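The values are calculated or read from the model by the stated rules, or taken from the named source; none is laboratory data. Small disclaimer: the values here were computed from a predicted structure and weren't measured. When we count neighbours, we look across all protein chains shown, and the Cβ atoms used for this are built from the backbone with ideal geometry, even at glycine. Heads up: the accessible areas ignore ligands, DNA and RNA and are worked out on the full protein's heavy atoms, side chains in. Shrake-Rupley method; radii C 1.70, N 1.55, O 1.52, S 1.80 Å.
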Amino acid sequence: MVDAAHDQVDFVPPAEVGEMELYHPKSWLTKYVFSQDAKVIAIQYSFTAIAIGMVALVLSWMMRLQLGFPETFSFIEAEDYYQFITMHGMIMVIYLLTALFLGGFGNYLIPLMVGARDMVFPYVNMLSYWIYLLAVLVLLASFFVPGGPTGAGWTLYPPQAILSGTPGSEGGILLMLISLALFIVGFTMGGLNYVVTVLQARTRGMTLMRLPLTIWGIFTATVLALLAFPALFVGAVMMTLDRMLGTSFFMPGIVQFGEQMQYGGGSPVLFQHLFWFFGHPEVYIVALPAFGIVSDLISVHARRHVFGYRLMVWAIVIIGALSFVVWAHHMYVSGMNPWFGFFFATTTLIIAVPTAIKVYNWVLTLWRGNIKLTLPMLFALGFIVTFVNGGITGLFLGNVVVDVPLSDTMFVVAHFHMVMGVAPILVVFGAIYHWYPKMTGRMLNVPMGQIHFWITFLGAYAIFLPLHYLGFLGVPRRYYEMTDTSFIPQSAETLNAFVTVIALIVGVAQLVFLFNIGWSMVKGKKSGPNPWRATSLEWQTATTPPGHGNFGPTLPVVYRWAYAFGLPGAKDDYVPQNMHPDQVAIGDTADLSGTAAQPAE
Amino acid sequence: MSPWWWTPIASNWGFIDNTIIITFWITGVVFVAVILFTAYCVLRYRYREDRRAEYEPEDKKLEWWLTGLTAVGVAAMLIPGLFVWNQYVNVPPGAAEIEVVGQQWQWSYRYPGKDGVMGTSDTRLISGDNPFGLNPNDPNGQDDVLIEGDDLHLPLGGPIKVLLRSIDVLHDFYVPQFRAKMDMVPGLVTYFWLTPTRPGTFDILCFELCGVGHHAMRGSVVVEKKEAFDGWLQEQETFAQTMARVKQGSEQAANLALNAATPVAAGARPTR
Ligand code: HEM
Ligand SMILES: [Cu+2]
Ligand SMILES: [Cu+2]
């Protein structure tokens, strides 16, 4: 019996739908600036996301300086601190990671990996980027308006977010809400593209169960985002109305600083439900692409198939579905009806099961593999360690009663940085080291990459491990300064100073990475089309970097899954997805793009 | 304050600490096992030109075993957790009630007085003279004791239901030694309960971001023997007494104002 996921077939039926019409750029401007080519859009997204991410990184230094050396830096006042954490958090989660994984990697990899010439709606895809850029600029503008950016925390909880006790309640909060709304509009344009392309534009033979896990991760994350972002969108619109027109969606009767306000009858908890109905899936919007990509990195560099591919696909889908019924685990102590705690603790801990399966299968992919400790593999291993750590602290916080003492402490800060900060960022780095050769035709420098990896990985642990401990002590998050307490030992101050020094070092180490990116573009070793000897379609393109339309005159035809590593009877230790079964034993991988891979009928 | 263990507990919520310890051990074992196995694989299966990886796409039995064991581990954490949560949300009958009111950026407290019942309150009734917004016509509220700008006192040994109210933005009343917390939400009355088990003075911290003064929203709670607590409570003014004093005060102010012929609004709201 042929097992659709793993076994190769030797006949692939002809295409039912003809080739898509491509838009051909006519000038330099339409080729490199207002480009409709997903690969160019991907690079635009990535550069913008990384640039704004650098702003968030610098903000994290400012915060760490304050926490490590309180009362030392007169330029960091309490207002500034709260503005820094808010902008840092929001930029990192939305404008860096979401944009980079979906807009960046999604655009680059989806058409190439499914065997399409481009996204199905290239014009809308282009618009998506420009609206994203506008959203970023609006966000940045809030640094320059009177009152500065909002300091409401990235969760933007009302009533505080729009009242005068919070920095940026004049203009900053409005720009934040507008920028988020724009981001969502832009994302929706891109997101519809990613979903439709995966569903409609796969090449012949590329069944859903032969898609690389990278695509499954990005695809499922996009579906989640399309369903989750609307909740944030309406929340943002309602809050804007509360702020501008004096409606009371989220505003109960309030007396602030002795003044009776005009608001009445609204519910602050309603906003929290809307926010986290978006916010929890958001964690997986960042995590699922990372899951998918890391599966492929591990498989390629361990020269072994992904272990339990079908279970991995189902785990992604189940995690995605469950992520819509766990949101209120962020609200155990929010004042919602405490009976909800039973339900949400149960669903939250159930999600741990498919998540654990993913971890087991990554490790079992390494088991009996033939592991090359390349740069992508180092980052993938770093991801596994970090993600297991962050997942485990999630089991603490998800178990409602354990969350009671730990919520809003530094333990939470440690948890989410491990699980959705450091872990996905490690995957981003691994992915860049992995696909850079395809994007530029050159390899990134290895010694520089190793320095970058070890400082980043060990540094991240030195920064965030101590925060777990501070959280157990009861040190709150979002505190400009602790001053004296009866429960924090003196040594915690030394620890905080240490963390700050490491954070600065880790930040500077990223410059090595950025330098490497630029330097290798010119000086890097030539990579050839498939330096990692990988199987998926993006490595089998006619030219490297792939040209307009991605593939040669005809699209590749897919005969097998993306994980035919170590296939018994094959000449090489890898068999590309589009290699005709007749060639497997001979191992002629010379030119698989286009005509060479026609089905023998 | 040992740097090697968390903050010593001072309430009945040792169950919470126990659940943390159970979770720590179960997850700790899994963490170490996964990391060691990964390290083993990386060392044992390093790349060799002459070797190929094993080709065995699935192992149903292994996958079911791992799924099953994980489910058991998860249940072993969840079940005690839910058991303790059940205690957390069910206040024991006969618990004494107190109220904590949060506002930017200070704490105030209310005790029900001799009748043991708190009067009704409403944000709309808040004014300079009536900072808690108590209903002046509610007989239950007359003997309520209001504490502003002073420490919270709690009696040792008996269960206490802490009612939580905010008049402006979200706050969160937390004493690390008590382990229990809950947000205070304007428009709602939230609660948690505890039994203080250790006398002493502890820090109160605001644990929900509430604006620029969030980190400065501190207070102290004094946990003392029942007798000492009762003695302290006796000395405090009741709502009725305060109102009477305020009324007298403002009549005097009004007379003065009339005499001086300058208009002074009675009960003008103080600005902070
Ligand atoms: C070297 C890297 C980083 C450092 C040193 C760092 C440091 C910090 C610090 C000090 C805080 C504020 C803690 C507090 O007082 O509550 C914070 C908050 C936060 N960080 Fe990071 N961070 C880093 C990277 C990231 C990344 C990659 C993400 C992406 C998910 C991220 C997401 C957040 C979020 C969401 C918050 C919460 C903001 C809030 O409380 O509203 N951070 N970070
Ligand atoms: Cu969540
Ligand atoms: Cu606060």
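Things to note:
- Test result for A:T150, touching a residue at least 12 places away in the same chain (Cβ under 8 Å) and surrounded by fewer than 24 Cβ atoms within 10 Å (Cβ to Cβ): no
Okay, residues lined up against (1) at pLDDT 90 or above; (2) under 22 Å from A:A302 (Cα atoms):
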residue	(1), (2)
B:R52	no, yes
B:E56	no, yes
B:D59	no, yes
B:L62	yes, yes
B:A71	yes, no
B:I79	yes, no
B:V84	yes, no
B:V89	yes, no
B:E99	yes, no
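- If you go through the stretch A:257-280 and keep only what is facing chain B (nearest Cβ under 10 Å) and more than 16 Å from ligand 1 (Cβ to nearest atom), you end up with A:F257, A:G258, A:E259, A:Q260, A:M261, A:Y263, A:G264, A:G265, A:G266, A:S267, A:P268, A:V269.
Every residue, every condition in (1) more than 8 Å from chain B (Cβ to nearest Cβ); (2) in contact (Cβ under 8 Å) with a residue 60 or more places away in the chain; (3) open to solvent by less than 10 Å² (accessible area, probe 1.4 Å); (4) not aliphatic (A, V, I, L, M), yes or no:
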residue: A:L322; (1), (2), (3), (4): yes, no, no, no
residue: A:T346; (1), (2), (3), (4): no, no, no, yes
residue: A:L349; (1), (2), (3), (4): no, no, yes, no
residue: A:M377; (1), (2), (3), (4): yes, yes, yes, no
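- Remark: pairs (first residue in the stretch B:122-136, under 16 Å from B:G249 (Cβ atoms); second residue of a type outside the set (A, V, I, L, M) and open to solvent by 30 Å² or more (accessible area, probe 1.4 Å); Cβ separation under 6 Å; 6+ apart in sequence or on different chains) = B:G128/B:G267; B:G128/B:R269; B:G128/B:P270; B:D129/B:G267.
- Tally, over the stretch B:2-21, of residues that are closer than 27 Å to B:W193 by Cβ, surrounded by fewer than 19 Cβ atoms within 10 Å (Cβ to Cβ) and modelled with pLDDT under 90: 3
- For A:V283, the criteria (1) modelled with pLDDT of 95 or more; (2) within 16 Å of ligand 1 (Cβ to nearest atom) hold in every case but one, which is (1).
- Filtered residues of the stretch B:172-191 (kept if touching a helix residue (DSSP H, G or I) at 6+ places or on another chain (Cβ under 7 Å) and either open to solvent by less than 10 Å² (accessible area, probe 1.4 Å) or within 16 Å of ligand 3 (Cβ to nearest atom) (or both)): B:A180, B:K181, B:V185, B:P186
- For the residues A:W314, A:W362, A:W327, A:W339, the requirement of being outside the structural domain of A:A380 (by TED's automatic domain parsing), open to solvent by less than 30 Å² (accessible area, probe 1.4 Å) and aromatic (F, W, Y) singles out A:W362.
Per-residue answers, yes or no, for (1) within 16 Å of ligand 2 (Cβ to nearest atom); (2) free of Cβ contacts under 8 Å to residues at least 40 places away in the same chain; (3) over 28 Å from A:Y45 (Cα atoms); (4) not small (G, A, S):
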{"site": "A:I392", "(1), (2), (3), (4)": "yes, yes, yes, yes"}
{"site": "A:L397", "(1), (2), (3), (4)": "yes, no, yes, yes"}
{"site": "A:V402", "(1), (2), (3), (4)": "yes, yes, yes, yes"}
{"site": "A:S407", "(1), (2), (3), (4)": "yes, no, yes, no"}
{"site": "A:M410", "(1), (2), (3), (4)": "no, no, yes, yes"}
{"site": "A:V413", "(1), (2), (3), (4)": "yes, no, no, yes"}
{"site": "A:H417", "(1), (2), (3), (4)": "yes, no, no, yes"}
{"site": "A:Y436", "(1), (2), (3), (4)": "no, no, no, yes"}
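- Residues of the stretch A:543-568 that are more than 28 Å from the chain's Cα centre (by Cα) and within 17 Å of A:L22 (Cβ to Cβ): A:T543, A:G552, A:P553, A:T554, A:L555, A:P556.
- Test: A:T220 is within 30 Å of A:A315 (Cβ to Cβ) and within 15 Å of the chain's Cα centre (by Cα): yes
- Among the residues making up the stretch B:1-46, those that are polar (S, T, N, Q) and under 30 Å from B:I160 (Cα atoms) are B:S2, B:T7, B:S11, B:N12, B:N18, B:T19, B:T23.
Condition check ((1) touching a strand residue (DSSP E or B) at 6+ places or on another chain (Cβ under 8 Å); (2) open to solvent by 10 Å² or more (accessible area, probe 1.4 Å); (3) within 16 Å of ligand 1 (Cβ to nearest atom); (4) under 30 Å from A:F342 (Cα atoms)) across all residues:
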residue	(1), (2), (3), (4)
B:G68	no, yes, no, yes
B:L78	no, yes, no, yes
B:L82	no, yes, no, yes
B:N86	no, yes, no, yes
B:V91	yes, yes, no, yes
B:I126	yes, yes, no, no
B:D143	yes, yes, no, no
B:G157	yes, yes, no, yes
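- Any hit, the stretch A:32-46, residues being modelled with pLDDT of 95 or more, of a type in the set (F, W, Y) and not assigned by TED's automatic domain parsing to the domain that holds A:L504: yes
- Some residue of the stretch A:493-500 being within 14 Å of chain B (Cβ to nearest Cβ), within 11 Å of ligand 1 (Cβ to nearest atom) and in contact (Cβ under 8 Å) with a residue 60 or more places away in the chain: yes
- Within the stretch A:445-492, tally of residues that are part of a helix (DSSP H, G or I), more than 22 Å from A:F396 (Cα to Cα) and facing chain B (nearest Cβ under 7 Å): 1
- Considering only residues in the stretch A:389-412 that are within 16 Å of ligand 3 (Cβ to nearest atom) and assigned to a helix (DSSP H, G or I), the one that is surrounded by the most Cβ atoms within 10 Å (Cβ to Cβ) turns out to be A:M410.
- Flag for B:L154 being more than 16 Å from ligand 3 (Cβ to nearest atom) and in contact with a Pro (Cβ under 6 Å, 6 or more places away or on another chain): yes
- Qualifying residues in the stretch B:32-41 (those that are at the interface with chain A (Cβ under 7 Å from one of its Cβ atoms) and surrounded by fewer than 17 Cβ atoms within 10 Å (Cβ to Cβ)) - the one nearest to A:F387 (Cα to Cα): B:I35
- Selection count, the stretch A:272-296, where residues are more than 14 Å from A:K358 (Cβ to Cβ) and either of a type outside the set (D, E) or within 16 Å of ligand 3 (Cβ to nearest atom) (or both): 13
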